[in-house]
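Enquirer: Following this message is one structure expressed as structure tokens.
All of the numbers you see were taken from the coordinates with simple rules; none came from a lab. None of these values were measured; they are calculated from a predicted model. Note that each Cβ is placed from the backbone with ideal geometry, even for glycine, and that neighbours are counted across all protein chains shown.
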Amino acid sequence: MSDQDIEQKIQEKGLNAPRLTPDHIDSVIVKEDYHVFPGTTTTVCRLELRNGYSVIGYGAAVSPENFDEEIGRKIARDDARNKIWMLEGYLLKERLFVIKEYSAMDFGAAQQALRSGLKVARLGWNGKGLCIELQRPDADSKMTAPYCYLSYPDDAKVNAGSKIPWVPSQSDMWAEDWVLVE
């Protein structure tokens, strides 16, 4: 089963807790290099990540007669890419831990929480249950980039159950009273 098949099943089941996606994994790769050691069947792939870190993957054929450079490159790249899942998984788990551990956040941490699929709000906002959510466009969306919206609770006195596009103010961006919302 491919990454895309798994992703489709996750979406069909409505599993939307914070998680990694194949698109996210691919988005952190900025460059790839390959090397086949002369006289061997060993292929190495180096994937450079957007932060400058490199991940290395390997592939090799047991019999020289079976060696195919294209297949070797794919195997080596898949090996390197699988290592990115582990690194990004750790990073996401650490971000979620920090957010949970320190209840009030700055706007940067609130953005990370939104990217991870969590809801956020400011402590000083009027309106119980009012929160910000991130929407990622799907195949049926007219939007082409992620955007934030203000989500009103179903029992709100005004705009009950509404989802309204939201843009942060200067005070929102400098605030350090952002919290997670269940």
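Enquirer: Relative contact order for the chain: what percent, with Cα pairs under 8 Å and sequence separation of 6 or more? Write out the running numbers ahead of the final one.
Expert: Working: 275 pairs, mean separation 29.9, N = 182.
Value for the chain: 16 percent.
Enquirer: Please identify, among ALA139, ALA17, ALA61, the residue showing maximal mean-square fluctuation in a Gaussian network model of the chain using a 10 angstrom Cα cutoff.
Expert: Highest fluctuation of the listed residues: ALA139.
Enquirer: Please state, as a whole number in µm²/s, the translational diffusion coefficient that the Stokes-Einstein equation yields for region 103-181 at 37 °C and 0.692 mPa s, with Rh defined as the Kirkwood radius across alpha carbon pairs.
Expert: Details: Rh = 13.1 Å.
It comes out at roughly 251 µm²/s.
Enquirer: Over the chain, what number does the Rg to Rh ratio reach, with both radii from the alpha-carbon atoms and Rh per Kirkwood? All intermediate terms of the calculation are to be shown ahead of the outcome.
Expert: Values: Rg = 21.6 Å, Rh = 19.4 Å.
In the chain, Rg relative to Rh is 1.11.
Enquirer: Just give me a number: lysine pairs in region 31-121, eight or more positions apart or cross-chain, with C-alpha atoms less than 23 Å apart. Walk me through the numbers on the way to the answer.
Expert: Details: LYS31/LYS74; LYS31/LYS83; LYS74/LYS83; LYS83/LYS93; LYS93/LYS119; LYS100/LYS119.
For region 31-121, the number of qualifying lysine pairs is 6.
Enquirer: Right, another one. Out of region 115-170, which trypsin sites (Lys or Arg not before Pro) are coil in DSSP terms and have no more than 10 other C-beta atoms within 10 Å? Mind showing how you got there, number by number?
Expert: Details: sites: ARG115, LYS119, ARG122, LYS128, LYS142, LYS157, LYS163; in loops: LYS128, LYS142, LYS157.
Within region 115-170, the qualifying trypsin sites (Lys or Arg not before Pro) (loop, at most 10 other Cβ atoms within 10 Å) are LYS128, LYS142, LYS157.
Enquirer: Say a site is exposed when it is one of the chymotrypsin sites (Phe, Trp or Tyr not before Pro), sits in a DSSP loop, and has at most 16 other Cβ atoms within 10 Å; what is then the longest site-free stretch of the chain? Don't jump to the answer; show the numbers that get you there.
Expert: Values: sites that count: TYR53, TYR102, TRP125, TRP166.
Within the chain, the longest run free of exposed chymotrypsin sites (Phe, Trp or Tyr not before Pro) spans 1-52.
Enquirer: Would you compute, from DSSP H runs of 4+ residues alone, the mean residue ellipticity of the chain at 222 nm, taking -39500 (n - 2.57) per run and dividing by the full residue count, rounded to the nearest 500?
Expert: On the way: 5 runs with 63 residues, N = 182.
Calculated at 222 nm, the ellipticity per residue is -11000 deg cm²/dmol.
Enquirer: Restricting to Cα pairs below 8 Å that are 6+ residues apart, what does the relative contact order work out to for region 103-181? Please round to a whole percent.
Expert: Details: 134 pairs, mean separation 31.9, N = 79.
With pairs under 8 Å counted, the relative contact order is 40 percent.
Enquirer: At 0.36 nm per residue, and after removing the present C-alpha to C-alpha distance, how many nm does the segment from ILE10 to THR144 gain when stretched out fully? Kindly include the intermediate steps, with their values, before the conclusion.
Expert: Values: separation 134, 0.36 × 134 = 48.24 nm, distance 2.13 nm.
Full extension from ILE10 to THR144 adds 46.1 nm.
Enquirer: May I pose another question? On a full-extension model of 0.36 nm per residue, what is the gain between LYS119 and MET1, subtracting their alpha-carbon distance, rounded to one decimal in nm?
Expert: Values: separation 118, 0.36 × 118 = 42.48 nm, distance 3.11 nm.
Contour length minus Cα-Cα distance gives 39.4 nm.
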